[in-house]
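Student: What follows is a structure written as C-alpha cells; I'll ask about it next.
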C-alpha cells in the first residue's frame, strides 16, 4: 500500500472517530467508551509480550490507577488531571518493589507473581476500610477542564480518545526506538539478546514499569466515566480476559491487534444481551472459533490469506489487460 493511500485512510479514520459520537445513540457511545478502556489494557498486554512476559496482573495496576484517582479526588479534593500522573507513578513504584524480585527469575516466576499480585491487590481494596470496602469508594466528582465539567458521554468519549492516542503514540515511538529494538531481540531469543550485550533484566523491568504506568492511566479514565472504584471491577478474571483482545485481534500486531480485539469482544457481548443467559456461551463460542480457525488472529489472517489473494487478483487483472504483472 502506497504512502498517499495510507495517509488518506488515516485521515478518513480520524474523521470517523471524531464525528462518531454524533452518529450513534448514547448506548453505543457508552460501549465505545468501554472499548477504549479495554483497548488501553490490551495495548499494555501486547507491550509486555515484546519482552516475552505475558501478564496476569493487568487488572491490579488498572485498579491502582483507578483507586489513586478516586481516593485523591474524594479525600484530598484534587483535580482529576494530577491524579492521573500520581496514579501512574504509584503503579510504577509499587511495580518496581514487587517485580525487582520476579523479573530476574524469568517468565514463570513473573507469571506467578502476577497472579498473586492481582488477587492480593483486589483483596486489599475490598478488606481495608480506607479503600471503601467491597462496596467501593462512593461517588467520585466528575473530571473538569478549567471550569468546564466533563459530563456528557461524547465528552467522555473524546477524553478516552485523547488517552488512547497518547498510548498509541508512546508505544509507537518506543517500538521504533533503540529500546524497542532491544525488546524485539529479547522477545525473539533471550540467549541471542544476552550474547550481544543486552541487559535482559534491565530492559524487561523498563517494559513492565512503563506498562504499569499506562495501565494506571486506563484506571484513571475508568473512574472518569464510572465515577466509583470497586474491587469487583479489578478482578483476576479481568486480567485473563484482556489476553483475548490481542489473541483475537492478532498477536503479531502490537498496536492494531488489541484495538480490533477489544472492539469485537466488547461489542459482541453488549449486543447479545438480548439473549441474556445465552450471551456468555455465544461469546465464548465465537472466541473459540476465531482461535481455532484464525490462530494468528483476524489481522494475522488478513496478512497471511487476504493480502496475498488480493495481490494475486491484481496481478491477474494486469495480465488480462496485457500489462506485465
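The values are calculated or read from the model by the stated rules, or taken from the named source; none is laboratory data. All values reported here derive from a predicted model rather than from experimental measurement. Every residue, glycine among them, receives a Cβ derived from its backbone with ideal geometry; neighbour counts consider all protein chains shown.
Student: Quick one: is residue 134 in contact (Cβ under 8 Å) with a residue 60 or more places away in the chain, assigned to a helix (DSSP H, G or I) and more than 30 Å from residue 50 (Cα to Cα)?
Tutor: Yes; evaluated as a whole, the condition is true for this residue.
Student: Sticking with this structure for a sec: What are the residues in region 62-80 that are more than 20 Å from the chain's Cα centre (by Cα) and either part of a helix (DSSP H, G or I) or closer than 27 Å to residue 205 by Cα (or both), if any?
Tutor: If the condition is that a residue be more than 20 Å from the chain's Cα centre (by Cα) and either part of a helix (DSSP H, G or I) or closer than 27 Å to residue 205 by Cα (or both), then 70, 71, 72, 73, 74, 75, 80 are the ones that fit.
Student: Sticking with this one: Checking residue 169 against (1) within 30 Å of residue 80 (Cβ to Cβ); (2) at pLDDT below 95, only one condition comes out false. Which one?
Tutor: The number of the failed condition is (2).
Student: Have a look at 181, 204 and point out the one that is out of contact with any helix residue (DSSP H, G or I) (no Cβ under 8 Å at 6 or more places or on another chain) and either in contact (Cβ under 8 Å) with a residue 12 or more places away in the chain or not in a loop (DSSP other than H, G, I, E, B) (or both).
Tutor: Only one candidate passes the filter, namely 181.
Student: Now, a different point. Could we say that residue 294 is touching a helix residue (DSSP H, G or I) at 6+ places or on another chain (Cβ under 9 Å), more than 24 Å from residue 37 (Cβ to Cβ), surrounded by 13 or more Cβ atoms within 10 Å (Cβ to Cβ) and modelled with pLDDT under 85 here?
Tutor: yes
Student: Outside any helix (DSSP H, G or I), more than 22 Å from residue 53 (Cα to Cα) and either at pLDDT 90 or above or within 14 Å of the chain's Cα centre (by Cα) (or both): which single residue out of 224, 229 fits that description?
Tutor: Of 224, 229, the one residue that is outside any helix (DSSP H, G or I), more than 22 Å from residue 53 (Cα to Cα) and either at pLDDT 90 or above or within 14 Å of the chain's Cα centre (by Cα) (or both) is 229.
Student: All but one of (1) surrounded by fewer than 13 Cβ atoms within 10 Å (Cβ to Cβ); (2) touching a helix residue (DSSP H, G or I) at 6+ places or on another chain (Cβ under 9 Å); (3) under 20 Å from residue 240 (Cα atoms) hold for residue 108; state the number of the condition that does not hold.
Tutor: (2)
Student: Also, I was wondering about something else. Restricting attention to region 1-31, which residues are under 14 Å from residue 164 (Cα atoms) and in contact with a helix residue (DSSP H, G or I) (Cβ under 6 Å, 6 or more places away or on another chain)?
Tutor: Answer for region 1-31, where residues must be under 14 Å from residue 164 (Cα atoms) and in contact with a helix residue (DSSP H, G or I) (Cβ under 6 Å, 6 or more places away or on another chain): there is none.
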